[in-house]
Amino acid sequence: MAREMQAAVLYGQEDLRMETVAVPEVGAGELMLRVGAALTCGTDLKVYRRGYHAAMLTLPCLFGHEVAGTVVDAGEGAGFAVGERVVALNSAPCGVCFFCRKGQPNLCSDLLFNNGAYAECVLVPARIVEKNTLRVPDGMALEHAALTEPLACVVNGMEQTGAAAGDTVVVVGAGPIGLMFLAVARSVGCRVLAVVKRENQVETARRFGADEVVRIGESVDTVAAVRALTEDGVGADAVVECVASAQSWAEAVAMVRKGGVVNLFGGPPSGTVVSLDTNRLHYGNITLKATFHHTPATCRRAFELLRDGVVRAEDFLTARASLSHVPEVFRRMMVRSADGGLDIKTVIVPEELL
C-alpha cells in the first residue's frame, strides 16, 4: 500500500486544499479504509464557511466525515478482514462517562470524532471500529451506506420527538436534513407538512414525502397557513425545526398544538437569543426538545432503513465529483447555498470511479 495519499486539508475559513499527506500507521483495533464514497454535508459546509468547529476538529486537519469504503489494513483485534466493505460513522461514545451511563451516549463527555473522508484512505480509530462500524452487504452501494451518519441524526431526532402513525408533523426547512425528516416521518405513517423558503423546494418537498407544503413569503402568515392545514386549526402534533434561525425557532413553537412537541433540531450560532411566549408554553403544556447527533443504536436503525430501501439513498445523491475537485465542490456549495440551488448531496469518489 502506498505510504502517501491525496487528501483534502482544511486550513481555515474557506481555505480547503488538496495535498499529498502521509498515510497513517494502523494500530491495534484500528482499520484503514480505501474510500469508496464520501458525501458532502451541511455541517462540513458550515465548518468550511466559519473555519472552525470546536468539538469536531482542530485546524489544520483532514476534512469530511460521511464515508464508506473497503478495508485495506486491519490492526490486531479489529474484528474486520481486509476486503470487507464497511461504513464507519464519524464518532463513538466512551460508554463509561456520566451521560453514557444515563443512556445518552450522544452527549458523551469524551465523544470521539473522526474526520478525513475526503481522501484516498481514511483511518478509523479503534473505538469507532468497535462501536460504530457496520458491514455493508453485497448489493448495497457504498455511496448509499455513507448516508448512514446524517440519517442516524434524523432518526435520533424523530424518535425523541415521539411522533407516531397518524400524527401530523411539520418539518421546517427543505435542506438535506429537512428532506430526511420528511422521508422518515412519512415512513412511520405520519401526515407530513413542509415549510419551505423557495419555489423550487416545493416539488422537492412533495417528492420526499410532504402531503402539504407551505412556502414562506412576504404576504404569507406562515404560522396561520400551517395551522389552517391541521385538524380544527389547533396546530401540529409535532414540529421539527431544521433551519437554525431565531425566527424559525419562534415560529415552530407557534405552529404546534397544545400538548405537542417541538424539536429544535437546527442549531443557530452560539449566542443566539430567542423570545418565546411563556404563557403559551406553560398553559399549552408544550414540550421543547433539541436533539443533538446520533447514538450507536440510531446508527444501526438508520443503516437498516437504507439497506431495506425504506429511505431511498439515491434520492439524496444529486451530483458526483472526483476527489481532486473537493475544493471546487465546496466553493460551488457556497454559491448554491446563497441562491437556493437544488443539489442535495454530492458523492465524492476516487478518480477511477467517476
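The values are calculated or read from the model by the stated rules, or taken from the named source; none is laboratory data. Everything numeric here is computed off the predicted structure, so don't read it as measured data. Cβ: placed from backbone, ideal geometry, glycine included. Neighbour counts: every protein chain shown.
Could you list, in sequence order, all residues of the stretch 73-88 that are of a type in the set (Val, Ile, Thr) and buried (at least 21 other Cβ atoms within 10 Å of the Cβ)?
Within the stretch 73-88, Val86, Val87 qualify.
Select, from Ala297, Ala302, Ala252, the only residue that is buried (at least 18 other Cβ atoms within 10 Å of the Cβ), among the aliphatic types (A, V, I, L, M) and more than 16 Å from Leu193 (Cβ to Cβ).
Going through Ala297, Ala302, Ala252 in turn, the sole match is Ala302.
Can you tell me which of (1) exposed (fewer than 15 other Cβ atoms within 10 Å of the Cβ); (2) among the charged types (D, E, K, R); (3) within 22 Å of Pro150 (Cα to Cα) is the one Glu25 doesn't meet?
The one condition Glu25 does not meet is (3).
With respect to Thr278, is the statement that it is at negative phi, among the hydroxyl-bearing types (Ser, Thr, Tyr), in contact (Cβ under 8 Å) with a residue 24 or more places away in the chain and surrounded by fewer than 16 Cβ atoms within 10 Å (Cβ to Cβ) true?
Considered against the rule, which asks whether it is at negative phi, among the hydroxyl-bearing types (Ser, Thr, Tyr), in contact (Cβ under 8 Å) with a residue 24 or more places away in the chain and surrounded by fewer than 16 Cβ atoms within 10 Å (Cβ to Cβ), Thr278 comes out as no.
Looking at (1) polar (S, T, N, Q); (2) more than 21 Å from the chain's Cα centre (by Cα); (3) closer than 30 Å to Arg336 by Cβ, can you tell me which one Thr70 breaks?
Evaluating Thr70 over (1) polar (S, T, N, Q); (2) more than 21 Å from the chain's Cα centre (by Cα); (3) closer than 30 Å to Arg336 by Cβ leaves (3) as the failure.
Of these, Gly27, Gly51, Gly64, which one is within 22 Å of Ile128 (Cα to Cα) and under 23 Å from the mean Cα position of the chain (by Cα)?
After ruling out the rest, the residue left standing is Gly64.
Yes/no per residue for (1) without any contact (Cβ under 8 Å) to a residue 24 or more places away in the chain; (2) on the phi < 0 side of the Ramachandran plot:
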| position | (1), (2) |
| --- | --- |
| Val96 | yes, yes |
| Gly103 | yes, no |
| Ser109 | yes, yes |
| Ile128 | no, yes |
| His144 | no, yes |
| Thr148 | no, yes |
| Asn156 | no, yes |
| Val169 | no, yes |
| Pro176 | no, yes |
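Given the criterion without any contact (Cβ under 8 Å) to a residue 24 or more places away in the chain and either in the same structural domain as Ala321 (by TED's automatic domain parsing) or surrounded by 18 or more Cβ atoms within 10 Å (Cβ to Cβ) (or both), identify the matching residue among Thr40, Thr58, Thr70.
Thr58
Considering only the stretch 291-350, state which residues are on the phi > 0 side of the Ramachandran plot and at pLDDT 95 or above.
Selection gives His293, Gly309.
Would you mind stating whether Gly284 is out of contact with any strand residue (DSSP E or B) (no Cβ under 9 Å at 6 or more places or on another chain), among the small types (Gly, Ala, Ser) and either under 16 Å from Val234 (Cα atoms) or assigned by TED's automatic domain parsing to the domain that holds Gly175 (or both)?
Judged against the criteria, Gly284 is not a match.
Sort through Arg191, Arg186, Arg227 and tell me the only one that's of a type in the set (Lys, Arg) and under 21 Å from the mean Cα position of the chain (by Cα).
Arg186
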